[in-house]
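See below for the structure under consideration.
The values are calculated or read from the model by the stated rules, or taken from the named source; none is laboratory data. Note that the coordinates shown come from a computational prediction; the quantities given were computed from them, not determined experimentally. Cβ: placed from backbone, ideal geometry, glycine included. Neighbour counts: every protein chain shown. Heavy atoms of the whole protein, side chains included, go into the accessibility calculation; ligands, DNA and RNA do not. Shrake-Rupley method; radii C 1.70, N 1.55, O 1.52, S 1.80 Å.
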Amino acid sequence: MSNPTTITASDGVPFVDTVRDFDAPISVVFKAHVDPDLLARWLGPRSTSMNITEYNAVTGGSWRYENGDVNNPFSFRGVFHTVEADALIIMTSEFDGAPNQVVISTTTFEEVDGRTRMQAHEVYPSVEARDMALATGMNYGVIEGYERLDELLAA
């Protein structure tokens, strides 16, 4: 059984906060976030395919991937501002379907009661931009992606 994913998007502020515990050591959960081969196996819902074209998860590195299906492909890109092994990832992301709407994400990893707690704080350029992202079904993709990560970590 997987751990619950808590996603909070409070009214009036352009933030999305996600908290998720994983039954695995920090080093393993962190690696699944920075290793493109592992990331491609869990990120997003099962119904989509993942094609990572660039993923240099180091401070100053950049990334780009395409997701979706043949009839509805979409892509994202961004920059890693700070990567501290087993602790912190600060990065930007931009959806090609909404150019110039850059999101800044801070993700921390900590050990809590023998588990890894991952907390992500995303800052959108406006409440409207955040609400548009949520309206795409983003929460579903995040929750199912973390369920897929649980399966990968258990294997």
Using alpha carbon positions and the Kirkwood radius, the Rg to Rh ratio of segment 81-155 is 1.01
Scoring only Lys, Arg, Asp and Glu (+1, +1, -1, -1) among other residues with Cβ under 13 Å from the Cβ of Arg64 yields -3
Result for segment 13-77: accessible area per residue, probe 1.4 angstrom, in square angstrom, of 51 Å²
Trypsin sites (Lys or Arg not before Pro) in segment 23-103 lying in a DSSP loop, each with at most 12 other Cβ atoms within 10 Å of its Cβ, come to Arg46
Applying the gyration tensor rule to the Cα atoms of segment 1-85 (axes a ≥ b ≥ c; rounded if a/c under 1.5, else prolate if a/b exceeds b/c, else oblate), the class is rounded
Dipole check, the chain, charges on Cβ (K,R +1; D,E -1), about Cα centroid: among Met132, Ala120, Val58 the Cα furthest to the positive pole belongs to Val58
Carbon/sulfur accessible area of the chain, % of total, 1.4 Å probe, equals 53 percent
Yeah, segment 39-118 with a ≥ b ≥ c from its alpha-carbon gyration tensor (a/c under 1.5 is rounded, else prolate when a/b outruns b/c, oblate otherwise) is oblate
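Taking the Cα centre as origin and putting +1 on Lys and Arg beta-carbons and -1 on Asp and Glu beta-carbons, what dipole magnitude results for segment 90-139, to the nearest 20 debye?
Values: 3 positive and 8 negative charges, 13 e Å.
With only Lys, Arg, Asp and Glu charged at Cβ, the dipole is about 60 debye.
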Ser93 neighbourhood, Cβ < 9 Å, K/R = +1, D/E = -1, net charge -1
Counting all Cα-Cα pairs in the chain, those more than 27 Å apart amount in percent to 17 percent
Note on the chain: helices (DSSP H) long enough, at least 15 Å by alpha carbon along their axis, and hydrophobic enough, mean Kyte-Doolittle at least 1.6, are none
